[in-house]
Amino acid sequence: MRTHTATVLPFPRQEEQACEAVARPRVRLEPTRRGRRLLTGVAFLLGLAVAAIALLALDLPAALAGTESAQPAVITVEAGDTLWDYAGEHAPEGMDEAEFVDEVRGLNHLPTGRITAGQQLELPAAEDASR
């Protein structure tokens with residue numbers, strides 16, 4: 001019958017441990033492949049959380065909902081009407097009538113300021129005219 005014997009090693013003294021710590025070279029830790037993936041995933045999720053909080057805090061969807069441009073008005077020219085008459089009626093505040101007439105001419109591809117009865121004209125929306 002064989003008996004196993006254990007070897008008892010003495011604990012190093014504190015002075016010996018201190019000397020070993022000084023003599024030991026610096027240890028550089030490098031993440032494993034799994035660790036790098038984990039760090040990348042955590043950073044990605046943190047970025048998503050920051051973006052979601054920013055969207056909720058800034059109320060960006062509500063701000064983007066009002067970005068639809070107003071539709072231009074289409075009118076039918078009646079006998080005796082002029083572009084200057086329409087400028088006086090439909091030009092937004094702060095806009096010169098001459099600028100409005102130029103805008104209408106450009107929008108409707110009119111070579112001159114002459115219009116005829118029955119002609120369909122597109123008038124710029126107030127937001128478009130203020131550009």
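For residues that are in contact with a Leu (Cβ under 9 Å, 6 or more places away or on another chain) and either at positive phi or not β-branched (Val, Ile, Thr) (or both), scanning just region 100-116, find the one that is least open to solvent (accessible area, probe 1.4 Å).
Start the filter on region 100-116 by keeping residues that are in contact with a Leu (Cβ under 9 Å, 6 or more places away or on another chain), which leaves 100-101, 103-105, 107-108, 110, 113-115.
Now narrow it down to the ones that are either at positive phi or not β-branched (Val, Ile, Thr) (or both): 100, 103, 105, 107-108, 110, 113-114.
Working: PHE100: 2, GLU103: 59, ARG105: 70, LEU107: 68, ASN108: 34, LEU110: 26, GLY113: 42, ARG114: 195 Å².
Of everything passing the filter in region 100-116, PHE100 is least open to solvent (accessible area, probe 1.4 Å).
Would you kindly identify the helices (runs of 4 or more DSSP H) lying entirely within region 71-131 that contain at least 3 residues that are free of Cβ contacts under 8 Å to residues at least 40 places away in the same chain and of a type in the set (Val, Ile, Thr)?
On the way: elements: 83-90, 97-108, 126-129.
Qualifying helices (runs of 4 or more DSSP H): none found.
Going by what's in this entry, would LEU60 be described as modelled with pLDDT of 90 or more and surrounded by 10 or more Cβ atoms within 10 Å (Cβ to Cβ)?
Details: modelled with pLDDT of 90 or more: no; surrounded by 10 or more Cβ atoms within 10 Å (Cβ to Cβ): yes.
So LEU60 fails the test.
Which pairs do you get when a residue that is of a type in the set (A, V, I, L, M), found in region 31-44, comes within reach of a residue that is not in a helix (DSSP H, G or I), reach meaning Cβ atoms under 9 angstrom, with the pair 6+ apart or on two chains?
Sorted first by the residue in region 31-44, then by its partner, the pairs are LEU38/PRO31; LEU39/PRO31.
The values are calculated or read from the model by the stated rules, or taken from the named source; none is laboratory data. These figures come from a predicted structure and were not determined experimentally. Positions of Cβ are generated from backbone atoms using ideal geometry, with glycine treated the same way; all protein chains shown enter the neighbour counts. Accessible surface is based on the protein model in full, side chains and every heavy atom, while ligands, DNA and RNA are left aside. Shrake-Rupley method; radii C 1.70, N 1.55, O 1.52, S 1.80 Å.
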